[in-house]
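First the structure, in the form of structure tokens, and then the observations on it.
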Amino acid sequence: DLDGAEPLLREALDGCRELGDRCPYTMMSITSLSALLRMKGDLDGAEPLAREAVERCRKAHGDRHLQTLGTIANLGSLLEAKGDPDSADTLLREAVQGLRETLGDRHPHTLCSIKGFGWLLRERGDLDGAE
């Protein structure tokens, strides 16, 4: 029940924010609410939360931490769904490069991000880049 989950996730996020900016539960709650809003089709509501998650992860963990790279990929995917392929390209490219550097070319997380980036390039008509 997505509609029933939203007020609970908002309540959890409000409570977690009181724990501080670096609290991992706060970051997880932000990401969870953003994902829920995206599932509900509220892309405009999900975007600021996804951006906040990226910003918080960058500050807390740095640019190459797996959680940071995951939030970057999620934001890129969201922006693609919102019809902003240029911004999505930049973020998905960053996520793929970071995962390649951090985990290697054949790690499942890297391969999944490569696949998502390839789909974006395909949708944009960049078949050579998608290949």
Per residue of the stretch 119-126, what does 6.51 cos²θ - 1.76 cosθ + 1.60 with θ = phi - 60° give for ³J(HN,Hα)? Whole Hz please, x for Gly and Pro, Karplus curve as stated.
4, 4, 4, 4, 4, 7, x, 8
Under a 1.4 Å probe, counting only protein heavy atoms, residue 96 has an accessible area in Å², nearest 10, of 10
Against the longest alpha carbon principal axis of the chain, how many degrees, from 0 to 90 and to the nearest 10, is the axis of helix 66-81 turned?
80
Angle between the chain longest axis and helix 43-61 axis [Cα atoms, degrees, rounded to 10]:
90
Given charges of +1 on the Cβ of Lys and Arg and -1 on the Cβ of Asp and Glu, with all other atoms neutral, how large is the dipole of the stretch 14-131 about its Cα centre, in debye to the nearest 20?
380
CD proxy, 222 nm, the chain: helix-only mean residue ellipticity via -39,500 (n - 2.57) per DSSP H run with n ≥ 4, per residue, nearest 500, stands at -26500 deg cm²/dmol
What's the carbon and sulfur percent of the stretch 1-118's accessible surface, probe 1.4 angstrom, rounded to a whole number?
54
Which translational diffusion coefficient, to the nearest whole µm²/s, is obtained for the stretch 36-125 from the Stokes-Einstein equation, given a Kirkwood hydrodynamic radius over C-alpha pairs, 25 °C and 0.890 mPa s?
188
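The values are calculated or read from the model by the stated rules, or taken from the named source; none is laboratory data. Keep in mind that this is a model prediction, so the values were computed, not measured. Virtual Cβ from ideal backbone geometry, glycine too; neighbours counted across all protein chains shown. Side chains are part of the model used for accessible areas, which takes the heavy atoms of the whole protein and leaves out ligands, DNA and RNA. Shrake-Rupley method; radii C 1.70, N 1.55, O 1.52, S 1.80 Å.
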